[in-house]
Amino acid sequence: MDEIKIKFLPDEVSVAVKQGELLLRAAHAAGVHINSSCGGQGTCGKCRVLIKSGAVQGGKTEKLSDHDYAKGYRLACLSHVIEPLEVEIPPESRMNRLVLDQNLSHKPTGRLAAPLNMDALKTKRHRLLVEKKFLHLAPPTMENNSSDLSRTLHALKKQFNIKNIEVDYHVIRNLARVLREGEWKATVTLLSAAAGSLREGRSADRLINIEPGDTAGRYYAVAVDVGTTTVCAELIDMNIRESAAEASDYNRQMKYGEDVISRIIYSQKNDGLATLQKSITDTINGVINTLIDAQKIDRGNICHITVSGNSVMTHILCNLDPRYIRTAPYTPTVNIMPPVKARELGVDLDDHAYLSAVPLVASYVGGDIVAGVLSSGIYRRKGNALFIDIGTNGEIVVGNKEWLVTASCSAGPAFEGGGIRHGMRAAEGAIEEIRIDPDNCEPVIFTIGEKKPRGICGSGIINIIAELLEVGLLDQNGKFRTDAPEGRIREGIDGMEYLLVPSDTSGIDGDIVITEVDIDNFMRAKGAMFAGYQTLLESVGLTYADLDEVIIAGAFGSYIDIEKSIIVGLLPDLPTERFSFIGNSSLAGAKMVTLSTELWEDAMRIAGMMTNFELSDNKSFMDYYVASLFFPHTEIKNFPTVMARFNNIERICGRMRKMHP
Ligand code: FES
């Protein structure tokens, strides 16, 4: 069958594919990213592309308006290639690097006590997870001709009092040469028993490398947050116990679906798991290459990689079938993964480098949350804390130094702009803030990077809804006021909508609106999160008033406005000083456990002490969820500051009615 050429714009990348191939698959083959939240099911509408020349078959669903279809837009996942094409990927269907930088912003704003602040971890009091030791060995003689290995182990015991060592074969294979090359001076690399003890019954340090001479001043480790969307990493100079470089990239698995469920589904296809596993190792390799280039270091000087990720990401990276995570009774293959040679998984590091994964708690509570709780320090404090990571999979932890309970709730993609007609990730041109003049309903729009508006990011949705509520254009059921002055509020293809940006001033080919359907999707997402907090608090006999602190983790959380989030009922109505942001706590935790075996053991302890609650079949959760489908909540008395603001709304509405009878 003839091959057909396709050129993707604006990158000008070409590919030849068989007739009938799906356009989305052709883009994958060309290495061109097109957003595809639903993994190509035709349900998200995010893979919109513009056919500049040529024609495709299909590509139309109700997710594409007739107006856009007439202009040449198609959904890439439903379009079959029938002739040569020139296809433009519009900005809203592309990824933006700005999001990656946000995911690296992991500088905590909370108050973290030693040893949980990075400065405390610089002291030598903490034993590193991997460390180098420089050895002077006595050369063999006729009187003492014990083996090279005995001589090495003896030197370790004599110089550093380190006993009980397991030795990798790779070390023994090179031992004779290395010792003689270095004239009986050599540097060994040890992987601490703390990581090794993950394997049941093991408690020995592991000798993973030996080099001639003194190289103890030169070695690095990498901490990686393996997110479903982004992969963020830090290169740690183990000699000075400091971060030397940071890098991040989109998880290349994104083209196979944006959430963990679509990844599990994809993993069940022929070669699906292998494809996903290669995608994540390719991403990690790319990020490591960036770190190496930034610091101009030898790849061989990287001795260890610590990863923290949700359970599905950890399984796929470790080549473990994630299918049982998704089906009742929701069992992961492993919670505590033994350290494995990074190279065995396809990570491009030298033979001696190991990969350790921060332990998981359950199918939907992964190492990212364990690392997050670790870096927040709540497990060391007396006061009651609520730790939340808001996202498609909302993660919630309640606890203190005595106990920790956790749950994960499927909030859906609304916080990341999914399920919102003009939703987009927090990238340039995303509307993040809005002010509405109550007298004429006209908005003032603020965008990221002060660029022309292209859509609405997750924090923007919160701010827009809060503002619409505050000026009285939206009621507490999430419906637009029918008696509002005409113009901005109007009937659209999805029902009632508020016109944020008309097409002549927007950065896309059309108006930007927020619809009642968008608001409904957001209400469900925030309702799921809030019901999750309530269910967990109820399970331990607490209420909001008992919370001493609320810690918000994650890139999305770092950008939300606390007051607005309380107005819409995403956060409990508590004094703002009780809230703190800790950014990418998963990456911070991965770094901390690399710098301290004591903290690695804490991570193990956290994973062991967390009690997981399954919310999917929990009756209280369902009741709380239904009660949360209101702004801010049906139990309005629990939101006293919002009540006071809403009384003000009545006043504003009264004034508007007078002006626009
Ligand atoms: S509609 Fe095409 S990927 Fe979702």
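Taking the criterion of being among the β-branched types (Val, Ile, Thr) and surrounded by fewer than 22 Cβ atoms within 10 Å (Cβ to Cβ), the only residue of segment 203-221 that qualifies is Thr215.
Scanning segment 30-44 for residues that are among the small types (Gly, Ala, Ser) and within 11 Å of the ligand (Cβ to nearest atom), which turns out modelled with the highest pLDDT?
Narrowing segment 30-44 to residues among the small types (Gly, Ala, Ser): 30-31, 36-37, 39-40, 42.
Filter once more, keeping what is within 11 Å of the ligand (Cβ to nearest atom): 36-37, 39-40, 42.
On the way: Ser36: 77, Ser37: 70, Gly39: 68, Gly40: 77, Gly42: 82.
The residue in question is Gly42.
Every condition in (1) of a type outside the set (S, T, N, Q); (2) within 14 Å of the ligand (Cβ to nearest atom); (3) closer than 14 Å to Leu9 by Cβ; (4) surrounded by fewer than 22 Cβ atoms within 10 Å (Cβ to Cβ) is met by Ala27 except one, and the failing one is (4). Cβ-Cβ contacts under 9 Å between residues 6 or more apart (or on different chains), taken from a first residue in segment 565-585 that is under 17 Å from Ala553 (Cβ atoms) and without any contact (Cβ under 8 Å) to a residue 40 or more places away in the chain to a second residue that is assigned to a strand (DSSP E or B) and acidic (Asp, Glu), are listed as Arg578/Glu549; Phe579/Glu549.
Applying the criterion of at least 1 residues that are of a type in the set (Lys, Arg), without any contact (Cβ under 8 Å) to a residue 40 or more places away in the chain and on the phi < 0 side of the Ramachandran plot to the strands (runs of 3 or more DSSP E) found wholly in segment 446-535 leaves 489-492.
Residue check: is Ser375 touching a strand residue (DSSP E or B) at 6+ places or on another chain (Cβ under 9 Å), within 27 Å of Thr535 (Cβ to Cβ), of a type outside the set (Asp, Glu) and without any contact (Cβ under 8 Å) to a residue 60 or more places away in the chain? Before the answer, list the steps.
Details: touching a strand residue (DSSP E or B) at 6+ places or on another chain (Cβ under 9 Å): yes; within 27 Å of Thr535 (Cβ to Cβ): yes; of a type outside the set (Asp, Glu): yes; without any contact (Cβ under 8 Å) to a residue 60 or more places away in the chain: no.
No, not satisfied.
Okay, residues lined up against (1) among the charged types (D, E, K, R); (2) away from the ligand (no atom under 16 Å from the Cβ); (3) crowded, with 18+ Cβ neighbours inside 10 Å:
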{"site": "Cys47", "(1), (2), (3)": "no, no, yes"}
{"site": "Ser53", "(1), (2), (3)": "no, yes, no"}
{"site": "Gly59", "(1), (2), (3)": "no, no, yes"}
{"site": "Asp66", "(1), (2), (3)": "yes, yes, no"}
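When Ile288 is tested against (1) in contact with a helix residue (DSSP H, G or I) (Cβ under 9 Å, 6 or more places away or on another chain); (2) within 30 Å of Asp617 (Cβ to Cβ), just one condition goes unmet, and that condition is (2).
Pairs are defined by a Cβ separation below 6 Å, a sequence spacing of at least 6 or placement on different chains, a first member in segment 263-279 that is surrounded by 12 or more Cβ atoms within 10 Å (Cβ to Cβ) and among the polar types (S, T, N, Q), and a second member that is at pLDDT 95 or above and part of a loop (DSSP other than H, G, I, E, B); the pairs so defined are Ser267/Pro322; Gln277/Asn319.
Considering only segment 68-94, how many residues are more than 14 Å from the ligand (Cβ to nearest atom), part of a loop (DSSP other than H, G, I, E, B) and within 33 Å of the chain's Cα centre (by Cα)? Matching residues across segment 68-94 total 0. Taken together, the residues in segment 458-488 that are farther than 16 Å from Phe646 by Cα and modelled with pLDDT under 90 amount to 9.
Would it be correct to say that Ile336 is of a type in the set (A, V, I, L, M, F, W, C), modelled with pLDDT of 95 or more and under 21 Å from the mean Cα position of the chain (by Cα)? Working first, answer last.
On the way: of a type in the set (A, V, I, L, M, F, W, C): yes; modelled with pLDDT of 95 or more: no; under 21 Å from the mean Cα position of the chain (by Cα): yes.
Taking the combined requirement at face value, the residue does not satisfy it.
The values are calculated or read from the model by the stated rules, or taken from the named source; none is laboratory data. What you see is a predicted model; the values in this text were computed from it and never measured. Heads up, the Cβs are rebuilt from the backbone with ideal geometry, glycines too, and the neighbour counts pull from every protein chain shown.
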